Structures are given as structure tokens and as C-alpha cells.
Amino acid sequence: MSPSIASETPPEVFHLRGDLTAASAAALRRDLGPAAGRRAVLLDLTEVEFIDPIGLGVILGTIHSIHQQGGAVAIAGARPQRGLPTALRAAGINGLVSLTESVDAAVAWLNEAVLQ
């Protein structure tokens, strides 16, 4: 896990890697903290192998913080074979984010829906 910020202008892209679990929750929460003040945030899960309930809770908390401040979120790369889209939908985030297969699609959605 080590989110990296790809740009300083919207949308802000956070690349997440590895397993998002209880063991990495504190670091994940710290690394995603800057997302809360952004207008448009893309969470790239392309390199995420597994999300446990604690990791999912950190992501949901981040999404809610962004929404409370008037921002929007897109999630890219949550691969079906790993069950990530199912877990995310089961957590009830469908109405809060755009789930896309690629980073490019997520950026396009954020640019069209939020930034224009």
C-alpha cells in the first residue's frame, strides 16, 4: 500500500497497492488524509490485491469525508476476479462514487461530471 499523488491539480489521483488490511489501516488513513479537501479524487485500485473490512472502512471514511466537503470520487481498477467491485458495492458506495475499469475512464468521468 503506498498511495502516491500523481498531480497537484484536480482530479487528485491516489495509487493504492498491495493488501489494504487492518495492518496497513493507519498508514492508509494517513496517506489518504489529503484527499478530504479535494474537489475530485480518483482512487486507483489497479494494484490492490485484497481489501479486508478494516481497509474497506478506511476507504469508505475517506469517501464520506470527500463528499462532506463537496467533492466527488471515482474508483478505478477494482478487478472483478478479486471480488473488489462486489465488496465495494456491498458496502453501499454505488451512489457515492463512479466505479470504472480504467484510470482513464475515471479521469474522464471526473473531468466531465465534476470539473467542468
Of the residues in the stretch 34-46, those that are surrounded by fewer than 16 Cβ atoms within 10 Å (Cβ to Cβ) and within 12 Å of the chain's Cα centre (by Cα) come to Thr46
Test result for Ala35, in contact with an Asp or Glu (Cβ under 9 Å, 6 or more places away or on another chain) and either assigned to a helix (DSSP H, G or I) or touching a residue at least 60 places away in the same chain (Cβ under 8 Å) (or both): yes
So, first residue closer than 19 Å to Gly71 by Cβ in the stretch 87-106, second residue loosely packed, with under 14 Cβ neighbours inside 10 Å and among the aliphatic types (A, V, I, L, M), Cβ within less than 8 Å, six or more apart or across chains; the pairs are Ser98/Ala113
If you go through Ile63, Ile51, the only one that is buried (at least 16 other Cβ atoms within 10 Å of the Cβ) and within 17 Å of Thr100 (Cα to Cα) is Ile63
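Within the group Ile54, Ile66, which residue is in contact with a helix residue (DSSP H, G or I) (Cβ under 7 Å, 6 or more places away or on another chain), part of a helix (DSSP H, G or I) and closer than 14 Å to Pro11 by Cα? Don't jump to the end; show me each part of the working.
On the way: Ile54 fails: closer than 14 Å to Pro11 by Cα.
Checking each option against the conditions leaves just Ile66.
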*Looking at this structure, is Arg82 farther than 24 Å from Ala113 by Cβ and at pLDDT 85 or above?*
no
Within the stretch 89-107, of all residues that are over 14 Å from Leu42 (Cβ atoms) and assigned to a helix (DSSP H, G or I), the one modelled with the highest pLDDT is Ala90
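The values are calculated or read from the model by the stated rules, or taken from the named source; none is laboratory data. All figures in this text were calculated on a predicted structure; none of them were measured in a lab. Cβ sites come from the backbone with ideal geometry, for glycine too, and all protein chains shown count toward neighbours.
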